[in-house]
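Remarks on the structure that follows.
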Amino acid sequence: SKPIVAIVGRPNVGKSTLFNRIAKKRVSIVEDIPGVTRDRIYMEAEWTGHEFTMIDTGGIELESSDRITSAMRQQAQLAIKEADVVVFVVDCKTGLTAADEDVATILRNADKPVLLVVNKVDSIKDENEIYEFYNLGLGDPLPVSAVNALNMGDLLDKIVDNL
Ligand code: GDP
Ligand code: MG
């Protein structure tokens, strides 16, 4: 089967927008544990001849903050277990949060490649906001804008380099 790329991060950072930008077609929806990470959506993707399957772990947006934290931990753990590459998405508009640090701690201890992606870098004026994410200890943050389709090629290059 194809290598798996999981997209993780707290609600509203733009995971699903990024996912839809990259994916070619939806392949399946998998029901998960009720009330936690309700569904995982699998999509097929391809870049420069390299095919892979992407997982978007969504459906936790309406939970309380405690539930979000535990759902995010579970999401990160699942991603580490299932994925060959983990794409960790953060948001330059809201900046670094405690929830981001929580997920980063789990991902730093994982034996899988993690790509730190700063989404919502919609224009050059947002680029100063990426530096604080170096504090997560996950290497160079890659700025992208899922909405404006900026730096998608760089992100895809990094993904396939790590497959
Ligand atoms: P998720 O909860 O992480 O899956 O986030 P969504 O993909 O649902 O996006 C949350 C919100 O952020 C939506 O209103 C999106 O339109 C917005 N969003 C996503 N990507 C970008 C981006 O690159 N720039 C800006 N300005 N907004 C974005
Ligand atoms: Mg989503």
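Brief remarks on what is shown
- Full-stretch length increase - ASP102, GLU46 - with 0.36 nm per residue and alpha-carbon distance subtracted: 17.1 nm
- Couplings for region 9-20, taken from phi via the Karplus curve 6.51 cos²θ - 1.76 cosθ + 1.60 with θ = phi - 60°, read x, 6, x, 6, 7, x, 4, 5, 5, 5, 4, 5 Hz in order; Gly and Pro are left as x.
- Close amide H pairs (under 5 Å, H built 1.01 Å from N) link VAL87 with ALA6, ILE7, VAL8, LEU115, residues at least 5 positions away or on another chain.
- The overall shape of region 113-152, judged from the alpha-carbon gyration tensor, is oblate: a/c is not under 1.5, and a/b is no greater than b/c.
- Only beta bridges with both residues in region 71-163 are counted; by DSSP, about 10 percent of them are antiparallel.
- Gyration tensor verdict on region 75-154 (Cα atoms; rounded if a/c is under 1.5, prolate if a/b is larger than b/c, oblate otherwise): prolate
- Relative contact order (%) - criterion: Cα under 8 Å, at least six apart; region: region 89-132: 60 percent
Read-outs throughout are calculated quantities, based only on the coordinates presented, and are distinct from any laboratory measurement. Model, not experiment: these values are computed from the prediction.
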